[in-house]
1. Above 17 Å lies some portion of the pair distances; for the range A:107-224, what is it as a whole percent of all C-alpha pairs?
2. For A:Asp239 and A:Ser32, calculate 0.36 nm times their separation in residues minus their Cα-Cα distance, and state this gained length in nm to one decimal.
3. Rounded to the nearest 5, what % of the DSSP beta bridges within chain A are antiparallel ones?
4. How far, in degrees from 0 to 90, does helix B:145-155 lean away from the longest principal axis of the Cα atoms of chain B, to the nearest 10?
5. In the range B:230-372, carbon and sulfur make up what percent of the accessible area (probe 1.4 Å)?
6. Expressed as a fraction of 2.2 N^0.38 Å, the rule-of-thumb size for a compact globular protein of N residues, what is the C-alpha radius of gyration of the range B:90-164?
7. Hey, can you find the accessible area per residue of the range B:207-314 for me, probe 1.4 Å, expressed in square angstrom?
8. Can you tell me the FRET efficiency between B:Lys166 and A:Asn225 if r is taken as the Cβ-Cβ distance and R0 is 56 Å, rounded to the nearest 0.05?
Protein chains: 2
Amino acid sequence: MAMPSNEICIIGAGVAGLKAAQALVDSTKFSSKDLVILEAQDYAGGRLLTSDVKESKLGLKYDLGAAWFHDLLSNQTLADLIAANDPDIFDVGEDGYFDNKDRKVYNQDGPVNMIELKLNRVVEEMEKFIEIYFHDSLDVKDVSLSEIIEEYKRQYDVFLTPIQKKLSGQILRYLELWYGITWDKISGKYAIMDHHGRDLYNKRGYKTLINYLCKSIPPQQIHLNTQVKKINRNNQLNDYNIALETANGEVFLCNYLVVTVPQSVLQLDPKHPYGLEWNPPLPDRITDALSSIHFGALGKVVFEFATPWWDLNEDRFLILASENDTVPSKQITESPPPFTFPAYVLNYASIHKSASASSLVILTQSPLTEYLEAHPEKAWSYYEPMLRRLCAHGQSVADPINTITSKWTQNPFIRGSYAALHVDDDPSDLIIQLLAQFPGTGLYNCPIRFAGEHTISDGAGCVHGAYQSGIDAANWIIDNKV
Amino acid sequence: MAMPSNEICIIGAGVAGLKAAQALVDSTKFSSKDLVILEAQDYAGGRLLTSDVKESKLGLKYDLGAAWFHDLLSNQTLADLIAANDPDIFDVGEDGYFDNKDRKVYNQDGPVNMIELKLNRVVEEMEKFIEIYFHDSLDVKDVSLSEIIEEYKRQYDVFLTPIQKKLSGQILRYLELWYGITWDKISGKYAIMDHHGRDLYNKRGYKTLINYLCKSIPPQQIHLNTQVKKINRNNQLNDYNIALETANGEVFLCNYLVVTVPQSVLQLDPKHPYGLEWNPPLPDRITDALSSIHFGALGKVVFEFATPWWDLNEDRFLILASENDTVPSKQITESPPPFTFPAYVLNYASIHKSASASSLVILTQSPLTEYLEAHPEKAWSYYEPMLRRLCAHGQSVADPINTITSKWTQNPFIRGSYAALHVDDDPSDLIIQLLAQFPGTGLYNCPIRFAGEHTISDGAGCVHGAYQSGIDAANWIIDNKV
């Protein structure tokens, strides 16, 4: 039997892999016949996963993975969707929602008046302090976000009211819901982000981006349920220099390879059932770089209710954690007390401008994500005492009629959310090694490209970063193809 | 008659000159006998001017020049005042007020709901757009703040609601009240500031800083009403290599000179009655640099009222200009219509936490500053229709019982406020030439140092910048003194 062979193989049908495929097909050098996408799971999209409307009791769809367009001033994904000018794909006015109203903050005692307490400016100052502290010289020792917050409060004690001192650090823990890890783990050095503009919530769901990308690729070129297990990068047996072997023993041959598996999969031991076996093994400079960065676990819990009982004027709520002695990152084996972790809550009724979209979408951080994804039935009892603080005047909290949780930490092909920087991690070494643009880095001069959110600086961890990394991988192949 | 001679002369008893003197006196190499300060005006303080309580009908004092400690994370002036630990000088809890509550915005139609209209995020995005636009490459052509705002609105039209489009640019005109010039003049390239922390309003008045600095210097070493007119920097007649001649014909000899006159004075033609005659003339590299930067005209108008009629919960109001066809920077010869310029209003009653501190302090920009400083009697009729928008519920506007205006543009020794960057100006050339740290720059290797807000990057235009420049000038002399 002839082994299937293609000029290009792409491992992974997430946004990076699909965009790489689209860019290759759109070039003059390749057509869709020249490539094949091998996807381990039974769907295209990877960490873009819009839930099926049948899972909802309200007829809604939820993005259980990425849901936003970030950094609107430099978001090529959104620019391309708008340029496509196809209302079946994306209509920015209809499908986009700027959820950048000042977030409404609550703690155990009720609403926190950010303006009267002048907390907005204190939090900005704290962020600037962190930026200056670490960028003052190149060799400042990294410490955790929680430690650098303590340092700020120590140095500027005289400028802070007691309530500002109590709440400002807890407010900055909203970053846990960006990175998917807790503040005792978050690298202080890389905690503060430089956003390029606002964020747009994608009401239609990111499924639409997947559909748009898949238009360029004939369905038969995407092999689902096809987990690549072995990569022979010095294939000698025939005209193709790369041979891929799947978990089922199928072999695919190619001359160019784009590897878009999540960083968490690259980080697995090759012998692990979900790891990749490289032959010859990856050079130490890549495996070393893989050990200098972590993988977060941002998750989502969706509660659907018969009718809303919270303030419909606010689109986002931040519920602060209480001060407590728990080590936040410690693995959870039973339901923690409420207010152990800060919660970031999205009000779907406001986003959809309809009280019938009566659901709250909550972002979760590791280790809560692992616990709730494994025990979704525990979600409501943990969150209920926190969410009841959101009750609108005269309303009282009701039990949900439906709960949906993400499953990313349960999914052996994903294993969490995206790259995250722990204390002392290095944000750029892995990118340098995987891109291999310079002699002595990664798989330099080798027709294997890496793509995905973990392979790019601008848009790291974001859909538009993964998308751009797919374009970059495709361009490399187009430029190098003789 | 023996000519007065000192090791060091300092021209100007503003914060830069006084701090230089204090630092020199505090060093082991010099004592107060070694220096003399020559001040053209009849008071020490320069552009720090706390009004006399007798000018007020409410028993209040106002800083008609600088009033804030800016950039608290890196403000050495404030740190030193706190370290002095003398409640007669400054008590941060008693005398400092964080006026960094989110500003309350009004326009012709009344209050602007910044949160509901999501304008905070749009203005942040616009600022980030401007930053990215100009820092994308080194040779992006400068345009005015008003033009770059138009460019943003053009590029991101699809992301803006009509009301956001109408108001966001007007809101960004608050920068006119930082720079003291209008948005058609402000350099877009350098418009966006990177603040290092919050601002602290100095309730006691900056007079206290002047008093603190003057403690180190015997009064007889400060010569008031002594305008230096000529600087002979190659004096051959005696043991001192620098000879200064005053407007009265007095001569002062010295070996080291610190020149802290405002940039506006340095920019005058030597023949101008308030200009400096250098012999030999300043090198072209300095005079060229002086022509590549401008001088702003931030002013203040204080209205005192019998009782307050505005919202006492807000500490700052920004009243937006209306869209109009006036060229904002055009010289004013008669009262402009209200809402021609944005106004920034400080609520003294809130800052002093007392309704009896019933005054509003308004910042003005050029060309309004020049007009109102020349015609203070016109101030109320211009501002009344704007200020009436601030009326608290059930209150109506009352005429002021007293009006105080700054006089900076009328003062021939000051001539405005501080350095300001017009389109195509260069923010660093003048600093490089005046500091002359490198061969081929300014008065390299010459015992003449410049100091003041126009001679420093960190804290440019601010009290703490001028203060630091005085320290730097003193340290240069200390290090170079054999």
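The values are calculated or read from the model by the stated rules, or taken from the named source; none is laboratory data. The structure displayed is predicted, hence computed values, not measured ones. Note: ideal-geometry Cβ built from the backbone for every residue, glycine included; neighbour counts use all protein chains shown. Ligands, DNA and RNA are stripped out before the accessible areas are found, and what is left, the full protein with its side chains, is counted by its heavy atoms. Shrake-Rupley method; radii C 1.70, N 1.55, O 1.52, S 1.80 Å.
1. So the portion of pairs separated by more than 17 Å is 66 percent.
2. Stretched fully, the A:Asp239-A:Ser32 segment lengthens by 72.5 nm.
3. Around 65 percent of the beta bridges assigned by DSSP in chain A are antiparallel ones.
4. Its long axis makes an angle of about 40 degrees.
5. 47 percent
6. Here the Cα radius of gyration is 1.50 times the empirical estimate.
7. Using a 1.4 Å probe on heavy atoms only, each residue of the range B:207-314 averages 43 Å².
8. About 0.55, to the nearest 0.05.
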